[in-house]
């Protein structure tokens, strides 16, 4: 690509996210008519020009009747391309001509070379600048307990990411209770479910289509994109929103004129203010800091103590993001989150989706360093840190691709989640615009969970919880398919005894509430109706249908069993 054109695109990409579509837009201002296609070309746009200077552009060729010998030119608008018709001059401008005009309007290449800053990559720094452990073993254990880490997470999530640079492979399905129904303390990230593209647009393959995906992040003040000037090129660019120690250090020590960084402590003393009051106060402080010139607003939960609890990072990010948008200040600042709570890709996706620009997961790095020191991970410290970030990056690609989104700039602030079990007060203050069909945990509930974790966190004799979310652990989180349920089901199937089935049914029917349907019960009428008022079985059976259940959705055994049952119903109908 021409360097001048590349600089034009780079300049604009730092101020606006790319348009993933899928859509084609046709527009006109009276003189110019234009057609623009999304960057991935997910919707076709074909044009035909005839001898009488009539041009037609639509998703298909042949939408009106013309003779083949009347056609002067046929073509299509390519992915991300723009076709412009100047009706006054009678000219057609294709993307190449439009690009040539746009790139020559300003010295973009000179602006970019002079003003854009880039972080020095972790790989290019000496060992003394890449960071090291700062928390001793006792303090690290207290932090892990306060932020609800578990031994299971350390071994099955963090260790695997640090060793292999990608998430562990696990079976599909989650048989644990919704966070709001759980009897165990659960972090706020567990209250959100990721949305995915369903009919609206096609998902992207993050492996085979990686060339169209990017986690590149730019920070600095955003200005009016319609008034291009050299000052708009004052941007700081880096490859991933997941910051390593060296990245975070560089960010927070940039020159103050364009990248002033200030820290906003997101911990609180519950004896002085409640969680909801603290969140509102944080919004007020953040607004004032941005008005005073802060460009990098660093939200930090480092200062926890026996009498100080951390505000859940997604709460702080979501509430501050909403406040800054409401006050027209969001383009003046970037939200950097220094948090101990984020450790797997879903956590980072939640923070980014609610408005975080970049995230520094300091406790995840401290934990990985401890695993390296204890030889639980037999790899150098630098390699483990890079592997961890690469693993989180891959997870983010996967999450974005499910929605057909190809860049982190498009995913940021998207709120592409559904909340399950959050009280309306929490949703209204911290997560505006998120789908939340049922209520549930309030600020008081979250504060009580934080207090319970704090009581355990600062007792050295209390070990780190074993966990039990990923695998069944006795005394841990409830699993619908726990060993007792599986054993009694197998016994009932093998013996065929009704008494064995009753044991299985009792375990299922009397289990703790794990899903929303467990909160429902049949409400029988007081008086039974006559059987004569019920539709005959012969008519009911006609409504039974298994055709919609494909073999791709079921195992062959289940598919054959359904087919056999359907055939028996047919025979029963014939006999009657």
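Please enumerate the residues belonging to region 235-283 that are over 26 Å from residue 385 (Cα atoms) and without any contact (Cβ under 8 Å) to a residue 24 or more places away in the chain.
255, 256, 257, 272, 273, 277, 281
Considering (1) over 23 Å from residue 412 (Cβ atoms); (2) part of a loop (DSSP other than H, G, I, E, B); (3) assigned by TED's automatic domain parsing to the domain that holds residue 419, say which one residue 208 fails and leave the rest.
Exception for residue 208: condition (3).
Out of region 353-382, which residues are part of a helix (DSSP H, G or I), closer than 19 Å to residue 136 by Cβ and touching a helix residue (DSSP H, G or I) at 6+ places or on another chain (Cβ under 7 Å)? Even if it seems obvious, please write down each step before you answer.
So in region 353-382, the residues part of a helix (DSSP H, G or I) come out as 353, 362-373, 381-382.
Filter again for closer than 19 Å to residue 136 by Cβ, leaving 362-373, 381.
The answer is 363, 364, 365, 366, 367, 368, 369, 370, 371, 372, 381.
Within region 156-177, how many residues turn out to be buried (at least 20 other Cβ atoms within 10 Å of the Cβ) and either assigned to a loop (DSSP other than H, G, I, E, B) or within 19 Å of the chain's Cα centre (by Cα) (or both)?
5
Name, by its number, the condition in (1) over 30 Å from residue 382 (Cα atoms); (2) surrounded by fewer than 17 Cβ atoms within 10 Å (Cβ to Cβ); (3) in contact with a helix residue (DSSP H, G or I) (Cβ under 9 Å, 6 or more places away or on another chain) that does not hold for residue 216.
Unmet for residue 216, out of (1) over 30 Å from residue 382 (Cα atoms); (2) surrounded by fewer than 17 Cβ atoms within 10 Å (Cβ to Cβ); (3) in contact with a helix residue (DSSP H, G or I) (Cβ under 9 Å, 6 or more places away or on another chain): (1).
Can you name every residue in region 246-272 that is in contact with a helix residue (DSSP H, G or I) (Cβ under 9 Å, 6 or more places away or on another chain), part of a helix (DSSP H, G or I) and crowded, with 18+ Cβ neighbours inside 10 Å?
Within region 246-272, 246, 247, 248, 251, 259 qualify.
Select, from 236, 243, the only residue that is surrounded by 18 or more Cβ atoms within 10 Å (Cβ to Cβ), modelled with pLDDT of 95 or more and within 20 Å of residue 412 (Cβ to Cβ).
On the way: 236 fails: modelled with pLDDT of 95 or more.
Criteria check complete, one pass: 243.
If you take the residues in region 415-440 that are surrounded by 19 or more Cβ atoms within 10 Å (Cβ to Cβ) and in a strand (DSSP E or B), which one is modelled with the lowest pLDDT?
My answer is 436.
The values are calculated or read from the model by the stated rules, or taken from the named source; none is laboratory data. Predicted model, so just to flag it, every value in this text is computed and none were measured. Ideal geometry is used to build each Cβ from the backbone, glycine not excepted, and the neighbour counts take in all protein chains shown.
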